[in-house]
Structure formats: structure tokens, C-alpha cells
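Read the figures in this text as sums done on the coordinates, not as results from a lab. Note that the structure is predicted; figures quoted are calculated from it, not measured. Ideal geometry is used to build each Cβ from the backbone, glycine not excepted, and the neighbour counts take in all protein chains shown.
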Amino acid sequence: MNDRVARLRQESLDLKPWLSMERAALMTEFYQRSADPSAPIRRARALQYLMENKTIFIGDGELIVGERGPSPKGTPSFPELCCHSMEDLEVLDTREKISYGVDDEARRIQKEIIPYWRGRSIRDLIFDEMSEEWKAAYEAGIYTEFMEQRAPGHTVLGDVIYRKGLLDLKKDVERSLEGVDLLNDPQAHSKRQELRAMAIAADAVIRFVERYAEHATRLAEQEKNCVRRDELLEIAKVCRHVPAHAPRTFREALQAYWFVHLGVVTELNTWDSFCPGRLDQHLEPFYRKDVAEGKLTREQAHELLQCFWIKFNNQPAPPKVGVTAAESGTYTDFANINNGGMKADGSDGVNDVSYLILDVIDEMRLLQPSSNLQLSKKNPDSFLKRGLEIVRKGWGQPSIFNADMVVEELLRQGKSIEDARCGGTSGCVETGAFGKEAYILTGYFNLPKVLEITLHNGIDPRSGKKIGIETGDPRTFANYDELFAAFRKQLRHFVEIKVRGNNIIERLYAEHMPAPFLSLFVDDCIARGKDYNDGGPRYNSTYIMAVAPGTCTDSLAAIKFHVFDKKNLTMDELLRALNSNFKDSEKTRLLLWNKTPKFGNDDDYADDILKSVFDLFYDEVNGRPNTKGGTYRVNYLSTTCHVYFGSVTGATPDGRKAWEPHSDGISPAQGADRKGPTAVIKSAAKLDHARTGGTLLNQKFTPKLLEGPEGIDNLAHLVRSYFKLDGHHIQFNVVTASVLCEAQKHPEKHRDLIVRVAGYSDYFCDLTKALQDEIIARTEQQFFSQ
Amino acid sequence: MTVEETLAEIVKDQVFFDESGGGVTLSGGEPLMQAPFVEALLDACHERRIHVAIDTCGHVPRDSLKRISQKADLFLFDLKLIDAALHEQYTGVSNELILSNLQLLAREQTPIIVRIPLIPGVTDTRGNLEGIRNLLLRMGLRKIDLLPYHEIGLGKYPRLQMDYRLQGLKPPSEEDVQNIFQKFSEEGFTVRIGG
């Protein structure tokens, strides 16, 4: 990496995220003055006010410009959605992890604006509208609610901005306006408001970028260094063209995206920020043309992409508090660049830019943006192996998706074949039709907790409150089927509470928080004259995310096996052991933990239960209508929520102690898989991925296991095998020395950890202390040497 | 365990064999101590077109080896010490049968990888390795795996209440292993470390 990139990257790494009150203050000022009765127009004018008045920042040496805050790592808040309390600011400033600096001036402004937003912010509106049973289940940790602090986002840009500038989109808006049929269409008035709002929002960002052009010109006039002066003039030139007009060059394409990105994430704090999606495919035509015309070298393209990467890293996720911070405790805002996959016509999508991007990922090693391989069976192994070389370095990127499966999932949901092929994955593992779908994640759902409540006949043992329904005293159940039927009823009860809540929250956003700027870029919002948050997109999906199928499956398997099949325990003995958190019954715990068929070992006894849990959740969620003309769907990811959900769940029948984390994603419970990675893959593949909108499988390896070309080959075979079995996603965590130290202290949680010594592999926990120490030392060394 | 039960376990991993070009290795103990079972399992695997390797110490009845040799796809054949007396000292048996079995397999042109454990001071001596090298060159065997001594088993012996007789022995240095690797490579051998 050259000096410029190295410096910009280091600056981005060194800066600590801080809370910027600029947006909150401007937004409050605007709302206090404006009384526009149309929500979309009010929102568009609010964006206009922000874009006219927010600070413009061009950093020294930057080639791609634009910041969401007043300067890098300055993170705005969104009081119209969630107005932080003074205590919240204290927490943000002082918490040990994921803190945001809050200065006195910020505190002063916050104190001033709090009274205005009380009862007006979406968060307040949501909690006002939610029923007592919804609140009780929420507080018990049955589910989380995504929209209480952040707006629905979960969408990814398609190719529109590379074909059309904002001015072209405005023309589309005008055409759509002309077509609104006031005579016959009962929604005509609201369509006109929405479309007018889109046009205002387009103007807002055009003006914002103009200000960048003006600022760059001013800086150029003052600049003494003639090289930098030319760069600034070039920046001004680019800003005078995009995103008002369609980009003509590689550089303009990147800068156009970045301004659209800033518009979207300034308008609202959409979940998963925003994302260019299939960046390699979008950029390839520009790259090819510029290189052919001699306007661009590979090195220049490389540098521009690196500068682009740094822009993402400068924008930490908007600060969250409380449960929402616990469920995704990270600065990452989940922009996830897709690489590879297939083209709209179904052919191999890997191109020169794909490899260029992999080089950038490798070299930049930044938390943001996240990145992934969309691996189709049509993609060459060289692409996969280049990606795995980066994976091996152990900092968590890129993750790997089965592009063929993503297409199958989208087709099953009724998308057209072209829309499916242009889709991909965003956030963590979520499947979507890029540029055409709102796929809103509404909250994580705690499967083991619902089982716990089933085992207590509707009562949450943590609080003693009755929050479920009476499904019978489990001691009276004659067989496993009766237990499972009770679990089904209990699960349906909570899913329905969640869906009732969602149906209100969706309307609150549709009515109070339209997103006219975002709507410009998602087909068919303009054509329909409808907002992104109100069914404007071609496809509208609402997701509930199942958490801890592993822990839930193992718990059900333990009951089936020990209580009903083998009669090693009575239900009463089991419940007493659970309620005492295995105090005085460690023997029972070890029986449950060690002598039970468990998910992750390619054992049909447990895996069939997983399938039944999957079917159950699917049947209760999938296909329910949402309020936007679309349907509910399921996916399986947990981010960091399995830790929070575990912390509210008592001891479980799989031998897990109270308040310990649940299993993550669709991975086996920590330490439950004892037959190696191939067995995990076989078990995980038994879940019907095609009926989900994404699943997440984590695998852990020590660096030595992945050494040399053979290590890469083995990993490639493992990935290809999993994908052949229709797995959706796999990611490899290369284990650090600190994890190994932790495993030494708590072997029960790390039974699955495999290490390689010379030509042999073994479970880490089975090694002697001395040998473990040696491996720890060596692992440390390997990380240092990279 | 029956042949069918074993095959059912093997078939679970067929997708990985297909993808990687891998297969099953029958190992032990000494698989050829149960030659009829091995033969039946070999046939069953071959019906499914699964590649089978036999990992043997070579100290097995000639007849059983002969039957299996015509069926197995690959032999992983241990060769520890070339000197008969030393072999007897360390393993309790002479290497006469082992060497003649290896000769038999070499003549039949069954694919063989000869596996040489590198135990410091025992098998990694210059004399032993040169002897092995000359023998393999004569037999026309060119594929070897070097298996450096390691301490993974240290914890297992006490757990099985067994005496660990190499207590205090350190694994060979990286450098020593590389030198041995180099020498064999220069003679035209295909060498892997570990494997």
C-alpha cells in the first residue's frame, strides 16, 4: 500500500468513534420549525436541511470524499427514531466495549433536545403502542426488536446508479407523477406526495455534492502543493458530475456510490447501513473501458478502491444502547461487499475486478466494509483459493456464500430468475434481491427460552411471571410427541405476539418515517409511487431470526433420549436439576452433556430433531402476510445475540448451565460436535437452507491446520462439499492464542477445537498441559509473523 | 461391527471423497490382522467406487497380504528400521517378513507410499536412512512420507494407565527433518512430511 493509503488507513484506525450532535441538532431545529402535513415531504425537506447545513469534510490526501459526520468516526444520532437519555450517553461514553466519546457540548445539546422528542420519537411511539404481553415477552428475552433504535434498512443497491444519475431518476419520478390517476386511484394523493418527496430528496443530495465541489475548489485555490492541487481539482470535477449524472469512469462510479451511500445513511440510520452489493460486477465495465482507453492503471484502480474502503471504516454503526447494543455489540455497520457469483444471464461472474477487490480486502484488513465471496459452482477454484488465502490470515474476512443456493432461495420466494441472479447476501448472511427488495429483519427469536417456558407450563422461571400459555405440566407428558406439541403451541403463542407487534411497527415507519431518498434506488418505488417503508419495493419480506437451533435441538434430544427412550431420568428429576442449575446434580449434568446424541455429529437421532425444530419454526412464521403486501420468512443467524439470549435463559436439558451463551447461528452448541468438521457440515446441511433467507455456520481452526497449499486445498474441498450439499454460508475463524488459553481453562466449552501438530490433528482439550502450552506459544508466533 | 455398519459410516463421508479425490484408509492397530473383514469391506467400498488405502506395519501373514494386495488401491507401508537386529530390539520382531512383504507388493506394482517414522536416535540415524533409501531404490519405490516423532500421545498413556517409554525424548528439530527431506528429494523421491 502506498504512503497515502497507509496514512489514511492509520488515521481511520487510530480515531476513536465519537458521538456527533450535528445531525441531531439540525434535525431538531428542522422539526421544531416545520409543520408540513405530508410525512414524506417533511422527511425529504429534513434531509434537504441536513444536506444544506452539515459540515463538509475533505481530508488531506483523500481521493474519494464525503463523510456522514463532520469528520471521520464522528457518528451522528437519530433522535427522531431513538432519542438517547442522559444516562444512555453516560453508558456510551464509559462502557468497556464499543464506546463512543461524548463531550460536554454533546451532553449540553442532548439535554436541550430530549424534551422535544419525548413522545415523538419512533421508539417512544413503538413502546406506547406495544401490548403488555409484547413487553413482557420482550423483557423476558424471548425476542428482540430491531426497529426500536434503527430504521428498517436491510437492502442493497443494484446497478441503477451506474446507469442513471439523480437527475435521470428525477425524470423517472416526474414521469411517474404524470401517470398518477387522480380520477380512479384512491392512493393517488399519497403517491403524489411520495413522488414529490423523492424529487426533493434527489435535489438535497445534488446540493450536498455541489457543496463538496465548491469546497474542493476552494481548497485547491489555497493549496500550495501542485500535485495535491490537481487532485483537489479532479475531486471537484468528479463531484460536479456524479451522482447528478451517471458515472463515466471507474473513479466516478466509486464516488457516485459513496454519495448515494451517505444520502441513505444520513436520511435514516438504516440497519446494515447500505451496501454496493455486487461491486466487482458493477465496476468491471468501467474498469475495462478506462484501462483500454489508457485512463486508468491497475495500480490506480487499486488505490481508489483502497480509499473507498477507508470511507466505510470511517463510519461506525450508529450508537445503540441496552438490549440492542447487546444483540449486536460491534462498531461494524454490516455493509458487506459481494464478490463473484454469477451474472444476470447465469454465467460466471468472476472478473478482473473480483481479484482486485480480494487484493484490497487482504491488504486493508479493516473491520469495515465486511466482504464475502459469492461462490458459484461455475466460479473457478482460483477465485475460491485466493479468498481462502485471506481467510487463513485469521481476521475473519471474507465469509463464503453458496451463490447457487442464494439463487435457489430467492427463486423459492418467487423472485424472477434475473432478479435472483443479481441478488446476493448482505448484513451477516441475509439473502436479498439487490436493488429490488426490502428484506426487513425484525428481531432475534430465542428458541431455547421458549422450550424453557414450555417446561414450566407457561412460566418464565427467571422472573416467576407467567408470560406464556399453559401447555401442561411436562411431568404428565406420556411421550416426546406430547412435549413437542406443547412446544409448538408455546412457540406459536410467542411468534404471534411478535408478529402483532411487527404489524404495528411496520405501519409506524410507513406513516411517520418514509425514506424518499432510499426509495429512489429500489425498484419499483418510483413506478409505484410508494415508499421503501410502505411496500414500494418489488419484493417485501419480513424476517424473524431463529437463534440457537443447536442448543434447542440438543435440549430436546436430551429429553427424548434420557427421559422417554432410555428412562435414565424422570421429567421431575430433570426439572429439579435444571431449576437448581445442576447444583448437587453434576452427575446428571455430565450424563446430559456427554451421553446424549447431539447436533453436529452427523447423527440422525439429533439431526432429525433439528429438522423438526426447523419445520416447526418455518411453519409458524413463513407465509404470514406482512403489512406491505409481502410475507414473513425465516433465517438463522445470531450475530452476538446468542450471548444475550443465553444470559436470560436458565440451565437447559443439554447440560448447559444457566446464563451461559447459546449456540450461535446454525453451529453446534459449543463443544457438542466431537466428530470433526466433516460431521458438522453433514449435520448443518440437513437443515433445509432453501427455505430460509440465510443461515450462518461458524467453523474454527488453528492456523497450522491451514498451512501450505495443502491447507488451502483441504479448506476448498470442505467448502465445495458443504455447498454441494446445499449449505448457504460458511465462515472460518482462525483461532488465536488467547482462545486456546481460554480453552485450557474451560475445556468443556471448547471440546470441538482441533489443532494440528506435524502431520496429525487432535482435539486440543485432549492434549497435555505442556503440549497445549507449546501450541499456544506457536499460535501466537504465527499471528505475529503475518 | 459388521461390514454393513462400517460401510454405512464410510458412506456418510462420500461427498467429501468425491470432492477431494480422497477415500478410506483402513488403519489400526494392524488391519490385516482381520484380513477377511478387510477384504469384505474392500469389496463393499469398491462396489461404491470408494478408493481404499491400507495402512500396514507389514508384519502380517504373506497370504493375507497377497489376497488384499490385488484389491487395495494404495498401501501405506511402515518401514522403521533396516537392520534386523535393531528392528527386533525395538519392535520385538525381526523385519524379515516385513521386507519380503514389501518386495511382494513392489513386484505386483501396487501403489505404495512407504512411511518412515523419524524417532531421534532410533530411526533417524544416517545408517538406517541410507539403508532404507538403497532398498527402496532397488525396489523401484519412490514415494515416501516422513513422520517426525511428536508428543501428542503423552497425555493419553497415563489415562490408559500405560507406561510412556519415550519419556523425555524430544521431537526432531525442524532443521533435521528438512535435511532428511532434502536428501531423499535429491535422490528422486517424492517426499511428504507428515501426511
(request) Would you mind calculating the relative contact order of chain A from Cα pairs under 8 angstrom and at least 6 residues apart, reporting the percent as a whole number? (result) 13 percent
(message) If I take all pairs of Cα atoms in chain B, what percentage of them are more than 31 Å from each other?
(response) 23 percent
(request) Count the DSSP beta bridges whose two residues both fall in the protein assembly as shown, then state the antiparallel fraction as a percent rounded to the nearest 5. (result) 20 percent
(message) Using DSSP to call loops (not H, G, I, E or B), can you name the trypsin sites (Lys or Arg not before Pro) in segment A:531-598 whose Cβ has at most 16 other Cβ atoms within 10 angstrom?
(response) A:K566, A:K567, A:K583, A:K595
(message) Need the list of aspartates and glutamates near B:K183 for cross-linking: C-alpha distance under 16 angstrom, and skip anything on the same chain fewer than eight residues off.
(response) B:D124, B:E130, B:D145, B:E174, B:E175
(request) Take the cross-link list A:K320/A:K466; A:K97/A:K465; A:K73/A:K393; A:K164/A:K436; A:K164/A:K343 and give me the ones stretching past 23 Å between alpha-carbons. (result) A:K320/A:K466; A:K97/A:K465; A:K73/A:K393
(request) Give, in nm to one decimal, the length gained when the segment between B:S20 and B:E4 is fully stretched (0.36 nm per residue of separation minus the Cα-Cα distance). (result) 3.4 nm
(request) Run the dipole for segment B:3-193 about the Cα centre, Lys and Arg Cβ at +1, Asp and Glu Cβ at -1, nothing else charged, and hand back the magnitude in debye, nearest 20. (result) 360 debye
(request) Give the residue from A:G432, A:N225, A:F250 lying farthest towards the positive end of the charge dipole for the protein assembly as shown; charges sit on Cβ (+1 for Lys and Arg, -1 for Asp and Glu) and the dipole is referred to the Cα centre. (result) A:N225
(request) Calculate the length of the line joining the C-alpha centroid of segment A:612-630 to that of segment A:301-371, in whole Å. (result) 30 Å
(request) Quick one: dipole size for segment A:504-567, taken about the Cα centre, charges +1 on Lys/Arg Cβ and -1 on Asp/Glu Cβ, in debye to the nearest 20. (result) 380 debye
(request) Just the number, please: Stokes-Einstein D of segment A:1-153 in µm²/s, Kirkwood Rh from C-alpha pairs, 20 °C, 1.002 mPa s. (result) 121 µm²/s
(request) List, largest first, the extents of the alpha carbons of chain A along their principal axes, each in whole Å. (result) 81, 62, 54
(request) Go through segment B:145-156 residue by residue and turn each phi into a ³J(HN,Hα) via Karplus (6.51, -1.76, 1.60, θ = phi - 60°); whole Hz please, and just put x for glycine and proline. (result) 10, 9, 10, x, 3, 9, 10, 4, x, 3, x, 7
(request) Excluding residues on the same chain fewer than 8 positions from A:K415, give the aspartates and glutamates whose Cα lies under 16 Å from its Cα. (result) A:D345, A:D404, A:E430, A:E437, A:D523, A:D524
(message) If you average the alpha carbon positions of segment A:669-722 and of segment A:522-543, how far apart do those two centres end up, in angstrom?
(response) 36 Å
(request) Please give every one of the lysines within straight-line cross-link reach of A:K567, meaning a C-alpha to C-alpha distance under 18 Å, and leave out same-chain neighbours fewer than 8 residues apart. (result) A:K587, A:K595, A:K598
(message) At 222 nm, what value in deg cm²/dmol follows for chain A if DSSP H runs of at least 4 each add -39500 (n - 2.57) and the sum is divided by all its residues, to the nearest 500?
(response) -16000 deg cm²/dmol
(message) Whole-Hz ³J(HN,Hα) for each residue in segment B:85-100, computed from phi via Karplus 6.51 cos²θ - 1.76 cosθ + 1.60 with θ = phi - 60°, x for glycine and proline: what do you get?
(response) 5, 4, 4, 5, 4, 8, 10, x, 9, 6, 9, 4, 4, 4, 5, 6
(request) For the pairs A:K675/A:K704; A:K704/A:K749; A:K704/B:K66, note any where the Cα-Cα span goes beyond 30 Å. (result) A:K704/B:K66
(message) Over segment A:355-483, what is the relative contact order in percent, taking alpha-carbon pairs closer than 8 angstrom and at least six residues apart?
(response) 13 percent
(request) Taking the Cα centre of the protein assembly as shown as origin, sum charge times position over the Cβ atoms of Lys and Arg (+1) and Asp and Glu (-1), and report the length of that vector in debye to the nearest 20. (result) 520 debye
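Cross-link list A:K385/A:K724; A:K566/A:K682; A:K224/A:K295: which exceed 21 angstrom alpha carbon to alpha carbon?
Beyond 21 Å between Cα atoms: A:K566/A:K682; A:K224/A:K295.
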(request) Could you let me know the centre-to-centre spacing of segment A:9-77 and segment B:166-195, using Cα atoms, in angstrom? (result) 62 Å
(message) Along the Cα→Cβ direction, 7 angstrom out, place labels at A:D713 and A:L411. What is the inter-label distance in nm?
(response) 3.3 nm
(request) Counting other beta carbons within 10 Å of each Cβ, put A:Y539, A:Y444, A:Y532 in order, fewest first. (result) A:Y539, A:Y444, A:Y532
(request) Taking amide H positions as placed in the peptide plane 1.01 Å from N, state which residues far from A:D531 in sequence (5 or more) or on other chains have amide H under 5 Å from it. (result) A:G536
(request) Pop a pseudo-label 7 angstrom from the Cα along the beta-carbon direction at both B:D83 and B:T190 and give the gap in nm to one decimal. (result) 3.2 nm
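Report, in deg cm²/dmol and to the nearest 500, the calculated mean residue ellipticity at 222 nm for chain B, where each DSSP H run with n ≥ 4 adds -39500 (n - 2.57) and the sum is divided by the residue count.
On the way: 9 runs with 88 residues, N = 195.
The helix contribution divided over chain B gives -13000 deg cm²/dmol.
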(request) Grab the beta carbon distance between A:N579 and A:S738, set R0 = 25 Å, and tell me the FRET efficiency rounded to 0.05. (result) 0.10
(request) Quick one: compute the contact order of segment B:3-193, relative version, from alpha carbon pairs under 8 angstrom and 6+ residues apart, as a percent. (result) 15 percent
